[in-house]
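See structure below.
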Amino acid sequence: MSRFVFLTLAFFGFTGLSQAQHSVVLKTGEKIQGVVMALNDDVLTMYVNRQPKEIMLRDVSSIFFDEYVPYDGKLLDETPTQKMKSADGNYIVEYKIKDREMIQAPRLSNATQKQGTVVVEIVVNRAGTVMKANAGVTGSTTSDEYLLTKAQFACQGAKFNEHPTGPLETTGTITIHY
């Protein structure tokens, strides 16, 4: 009788595991499958077979989310270039970033007579905030430190629309013609 109960529980347990959404690997090597519900005060709450299980974050080695994400955030060649006026209205800003619209253009200034094109690679989070900016990437026609610095700083102030179901980070470019 006890063998039958064990086999029945094992069957239903393994069936439940095949339907799991998340996998948590502990530092001991143990793998737990279920649904991650919360992370509060360094305690991971996970439901395994519809029962809550609390795991201290210090014991976790990895968390795998088995959900399908169709886009990884990389800039694709077929992404169209869009244009908009800078926040001060004196420049045209071109940008390429997949599935995003610029809602706040960078505020640009150039206190010199220097000219050139600066391409700035940006990384935008789901909320639309520019997290990283790197001026002078491929496509730039100037290596002037003043223009590169001004462009990089300005692009960090750009804002894009939110994309809550998109990748955590989306890569794109902003092109400024001084």
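The values are calculated or read from the model by the stated rules, or taken from the named source; none is laboratory data. This is a predicted model, so every value here is computed, not measured. Positions of Cβ are backbone-derived with ideal geometry, glycine not excepted, and every protein chain shown enters the neighbour counts.
Here is how the numbers come out for the structure above:
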| read-out | value |
| --- | --- |
| Test: residue in the stretch 101-108 that is under 11 Å from residue 173 (Cβ atoms) and within 17 Å of the chain's Cα centre (by Cα) | no |
| Test result for residue 39, under 24 Å from the mean Cα position of the chain (by Cα), of a type in the set (A, V, I, L, M) and at pLDDT below 90 | yes |
| Any hit, the stretch 141-153, residues being under 21 Å from residue 107 (Cβ atoms), under 21 Å from the mean Cα position of the chain (by Cα) and not polar (S, T, N, Q) | yes |
| Residues that are touching a strand residue (DSSP E or B) at 6+ places or on another chain (Cβ under 9 Å), more than 17 Å from residue 166 (Cα to Cα) and of a type in the set (Asp, Glu), drawn from the stretch 81-137 | 94, 121 |
| Among residues of the stretch 11-35, those that are modelled with pLDDT under 50 and part of a loop (DSSP other than H, G, I, E, B), counted | 1 |
| Number of positions in the stretch 125-139 that are hydroxyl-bearing (Ser, Thr, Tyr) and either under 10 Å from the mean Cα position of the chain (by Cα) or at pLDDT below 95 (or both) | 1 |
| Breaking point among (1) at pLDDT below 85; (2) more than 22 Å from the chain's Cα centre (by Cα); (3) aliphatic (A, V, I, L, M), for residue 69 | (2) |
| Residue 90 vs. criteria surrounded by 15 or more Cβ atoms within 10 Å (Cβ to Cβ) and either assigned to a strand (DSSP E or B) or modelled with pLDDT under 95 (or both) | no |
| Some residue of the stretch 139-161 being among the charged types (D, E, K, R) and closer than 19 Å to residue 92 by Cβ | yes |
